[in-house]
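To start, the structure itself, in C-alpha cells.
The values are calculated or read from the model by the stated rules, or taken from the named source; none is laboratory data. Computed from a predicted model, the values in this text were never measured in an experiment. We place every Cβ from the backbone using ideal geometry, glycine too, and count neighbours over all the protein chains shown.
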Amino acid sequence: MKKGFLFFTMLVIAGILIACSNDQTNEVEDDDGELKELEVDFDVPESADPGDTIELKASVTYGDEPVSDADEVLFEVWESGHQDDGEKIEAENQEDGTYTLEYTFEEEAVYEMYAHTTAEGLHTMPKKEIIVGDAEAEEKEDESADENDHEEAHFHTEGFDMQFDDSATFSADDEGELTTDITMDEEALEALNVRYEIWPSEDEDDIEWVDAEEVDTGEYTGNYTFPESGTYDIQIHVKDDDDLHEHIIETIEVE
C-alpha cells in the first residue's frame, strides 16, 4: 500500500516538473519571437555659450531593457558644414544604459553630432544640433549632400559599395519601393540582412524600420508608405552572417 502511494506521489511530482519545464520553454520561444529594436535617446541641449562644458548623453535600450554593455557608443562632433574636420570621442559607460561625454564648445558656431551606437548586433546613429553663442543655423541642403558623400567614402570594408535608387519618386499615403544595389568588388552580394531606418528630417525621434527583401541578386527592396509629404532621412543598414556591418544615410523628398 505504501509502495503504491509512493509511486503515485512520484508521478504527480514528475508531472508538475514537466509542466513547469514546458512553461519555461514557451517563455523562451515567446521572447525569441518578439521583435525588438535598438533605440537611442540622444540628449543634448539646444544652445550653450562659448566655453561651456556640456554633457552629451545617450540612453540606449533594446526592447524595453536598458543596454549596459553596448559594443560601442561614439560621439562624433563637428562645426556645421565642416564634418571632415570633426572629432570622434568614445563615451563613458555609466553601466545603467546611459553613455556620457563632457564636451567643451569653445567657439561661437552651430555644432552637429552623431551618437554612433552599436549593440545587440545592430547599429544606429541619432543626430543632434546645438547652437553656441549667437550663431545661426545655416541652410542644410548642400550639407546633406556632403553628409551622404562622407558616409559613402567611409565604408569600413574594402571593396564594399551600395547604391540607393534616388531616382524613384515618392508620394504621401502611397506605398513606395526603397531599393539598394549592394556589391563587393563590383560583384553583387547575396543573402544579406538589409533594413531601412526611416524618419522625418525634422523629427529624428519618429523612427520606423522596414526589412528589405532580395528581389534580385544583390538588389534589396523594402516597401514603405510615407505618412505625409516632406523631407525624410533613410539610414540603410547592411549585415551578413559574419563580420560585415555597413550603413549609409540618404535623404529623399516626398511629394
Legend entry - Residue ID - farthest from A135 (Cα to Cα), chosen from residues in the stretch 39-70 that are polar (S, T, N, Q) and without any contact (Cβ under 8 Å) to a residue 60 or more places away in the chain: S68
Legend entry - Residues of the stretch 183-211 satisfying the condition of being assigned to a strand (DSSP E or B) and of a type in the set (A, V, I, L, M): M184, A188, V194, I198, V210
Inset, instruction - Exactly one condition in (1) in the same structural domain as H245 (by TED's automatic domain parsing); (2) modelled with pLDDT of 90 or more is not met by S167; state its number. - result: (2)
Inset, instruction - Among residues belonging to the stretch 56-73 that are in a strand (DSSP E or B) and hydrophobic (A, V, I, L, M, F, W, C), point out the one that is surrounded by the most Cβ atoms within 10 Å (Cβ to Cβ). - result: V60
Inset, instruction - Have a look at E76, E102, E112 and point out the one that is of a type in the set (D, E), part of a strand (DSSP E or B) and crowded, with 18+ Cβ neighbours inside 10 Å. - result: E112
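Taking the stretch 216-249 as the search range and keeping residues that are aromatic (F, W, Y) and assigned to a strand (DSSP E or B), which one is nearest to the chain's Cα centre (by Cα)?
Filtering first and then ranking leaves Y232.
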Inset, instruction - Kindly establish whether N223 is of a type outside the set (A, V, I, L, M) and over 27 Å from A58 (Cα atoms). - result: yes
Inset, instruction - Return a yes/no flag: does the stretch 103-122 have any residue that is within 16 Å of the chain's Cα centre (by Cα), modelled with pLDDT of 85 or more and of a type in the set (V, I, T). - result: yes
Legend entry - Answer from Y99, Y111, Y103 - the residue that is hydroxyl-bearing (S, T, Y) and touching a Leu at 6+ places or on another chain (Cβ under 6 Å): Y103
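Take I236 and tell me if it is touching a residue at least 60 places away in the same chain (Cβ under 8 Å), touching a helix residue (DSSP H, G or I) at 6+ places or on another chain (Cβ under 6 Å) and either of a type in the set (V, I, T) or at positive phi (or both).
Spelling it out, it is not the case that I236 is touching a residue at least 60 places away in the same chain (Cβ under 8 Å), touching a helix residue (DSSP H, G or I) at 6+ places or on another chain (Cβ under 6 Å) and either of a type in the set (V, I, T) or at positive phi (or both).
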